[in-house]
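Note sheet for the following structure.
Read-outs: derived from the displayed coordinates by stated rules, not from any lab. Please read all numbers here as calculations on a predicted model, not as lab measurements. Here Cβ is always computed from backbone atoms with ideal geometry, including for glycine, and neighbour counts include all displayed protein chains.
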Amino acid sequence: MSQDEMTAYLDAASALLGLPILPEHRDEVLAAFAVLTQQARLLAAFALPEHIEAAPRFIP
Amino acid sequence: MTLCELSAAELARMVRGRKISAREVVRAHVARVAQYDPALNCFTDRLFDRATREAAVLDTRIAAGEDVGALAGVPIAVKNLFDVAGIATRAGSKILRDAPPARADAPVLARLIQAGAACLGALNMDEFAYGFVTENAHDGVTRNPHDVTRVAGGSSGGSAAAVVAGFAAITLGSDTNGSIRLPAGLCGVLGLKPTYGRVDRTGTFPFVDSFDHLGPFARSAEDLALVYDLIQDSDPPGAPPEIGRVAILDDWFEQNADPDMLQAVADVAKGLGAREKVTLPEAKRARAAAFCITAFEGGQLHKQNLIGRPRDFDPATRPRLLAGALQPAETIFYAQRFRAWFREQARDIFRNFDLLLAPATPCTAPLIGQKTMLVNGQEVPLRPNLGIYTQPISFIGLPVVCVPVTTGKLPRGVQIIAAAGQERRALAAAALLERAGVVRAPVARLG
């Protein structure tokens, strides 16, 4: 994802979720999001077996 | 040895045996905090009157011949995310500064008081427990008692530093990604992160529901075990278990560590008779998953204040919470699925081994304000990388005792990791290492 694509995603997500980012905080949030994206990519590169369920389970 | 250097068990034995009063014990600790804490900044709230009252009540009960409990007269303190009756639970924030005072102590704190402890106050931390350095924008930095130019670690930095400074024999902290083990290692005390879900978190300010744990800091394995018995009900005391087969975690847990840290692991391994190495597969991705879930759940928890009061957050915390809350759901769902897979990998290893060893941190305590560190000759950002060895373990909720090897200039923490539910095996290993002289947690020389 390019810097422009990341900025576009953040703007869209911010609007969709109603979580505004103040102009003076934009650069630091973008930097933090870039680190998260790097970690998310590392994770997504691992092919999990299909039968694995998410860890937190609702137990009635 | 002065009163402030004695363990909780030793102090309680003396108080119960009427060799010293609880008031004298509290007075000595209060005097030490008053003299040295201005330079260390462990405490955010000093409750000396409360501790003195609790000690006086205890002395009266002892004089009346009552059985007063395992922590009789022991001065304790808690990270300021635990409810302490009469003060606001701030979790290191400015935002919660005006919150109404807690009406009661958190149940885990109440249990220690019930056992005879006296609460000296609340302790500094990273804002909302999101950090590894306790350089708090609102409450200041907590300095490492072994070298005041260095950090105490975090997020329970005040809790670890207070124990090694001799301010309190026992403190409580929380650990989401390493916040007990990491400061314990950097300050040179013992810390216990119990199995996920073992200790009731009621009355504590949350961070990441998926990973939050509570646990104690102490200067001896006996004291850790004492507190462990008091703060949980599902693992009753019994004969100490065998240490069993011990292995050193390799791969991710060796790749980026300073040679000094690996030597500390080797020293602990030798003390426990461990010769084999084993790989916990994909630990790097486990850390990545923990990283993403933490930012997401933390961001969601604080969303209303991120909208309404964004400027009141610590600048070190705010961008990670904001970015975390905006992550796609796909990432978090995949990370939680990976968590289930990774738990199975650990279970496989525990079919052949009973305890696993790893460094608590890649290096010894960094300098205050340090932004980067060298790993394998490469300069990397300090704050996110201090927890690279603790995050994969709390990700799957395994119990860990972090023990200090203090033969060098600065302490080096080693994680003794057990299978889920096997806290007592890790505690037994820590006690064995103490008897062998491998692990020591002396009070730091101050002044």
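Of the options A:Gly18, A:Phe58, A:Leu30, report the single residue whose Cα projects farthest towards the positive end of the charge dipole of chain A (beta-carbon charges: Lys, Arg +1; Asp, Glu -1). Value computed over the given set: A:Phe58. Comparing B:Val141, B:Thr361, B:Ala161 along the charge dipole axis of chain B, the residue lying farthest to the positive side is B:Val141, per the Cβ-charge model.
Scanning chain B for DSSP H helices at least 20 Å long along the axis (C-alpha atoms) with a Kyte-Doolittle mean no lower than -0.5 picks out B:22-40, B:48-63, B:283-301.
Taking chain B as a Gaussian network of alpha-carbon nodes connected by springs under 10 Å, the highest mean-square fluctuation of the residues B:Leu47, B:Leu81, B:Leu172 belongs to B:Leu47.
With each pseudo-label sitting 7 Å past Cα toward Cβ, what's the A:Ile59-A:Ala34 distance in nm, one decimal? Taking the two extended label points, one gets 4.3 nm. Within the same chain, aspartates and glutamates fewer than 8 places from B:Lys409 are excluded, and of the rest, those with a Cα less than 18 Å from its Cα are B:Asp147, B:Asp258, B:Asp260, B:Asp267. Against the main long axis of the alpha-carbon atoms of chain A, helix A:26-44 sits at an angle near 20°. By the count of neighbouring beta-carbon atoms within 10 Å, fewest first, B:Ile332, B:Ile113, B:Ile307 end up ordered B:Ile307, B:Ile113, B:Ile332.
Treating r as the C-beta distance of B:Asp251 and B:Thr60 and R0 as 56 Å, the FRET efficiency rounds to 0.45.
Taken one residue at a time, the phi angles of the range B:389-395 give Karplus couplings (6.51, -1.76, 1.60, θ = phi - 60°) of 9, 8, 4, x, 7, 5, 3 Hz. Gly and Pro are set to x.
Percent relative contact order of chain B, based on C-alpha pairs within less than 8 angstrom and at least six residues apart?
Numbers: 1088 pairs, mean separation 80.6, N = 447.
Relative CO of chain B lands at 18 percent.
A Gaussian network model of chain B, with springs between Cα atoms under 10 Å, assigns the largest mean-square fluctuation among B:Gly238, B:Gly154, B:Gly178 to B:Gly238. Of all lysines in the structure, the ones whose alpha carbon falls short of 29 Å from that of B:Lys94, not counting any fewer than 8 places away in one chain, are B:Lys79, B:Lys193, B:Lys303, B:Lys371.
What is the extension gain from B:Thr279 to B:Glu242, computed as 0.36 nm multiplied by their sequence separation minus the C-alpha to C-alpha distance, in nm to one decimal?
Values: separation 37, 0.36 × 37 = 13.32 nm, distance 2.29 nm.
Length gained between B:Thr279 and B:Glu242: 11.0 nm.
Between A:Leu48 and A:Ala12, residue separation times 0.36 nm minus the direct Cα-Cα distance comes to 10.1 nm.
Taking the Cα centre of chain B as origin and assigning +1 to Lys and Arg Cβ atoms and -1 to Asp and Glu Cβ atoms, the resulting dipole is close to 360 debye. The charge dipole of the range A:3-43, taken about its Cα centre with unit charges on the Cβ atoms of Lys, Arg (+1), Asp and Glu (-1) only, comes to about 180 debye.
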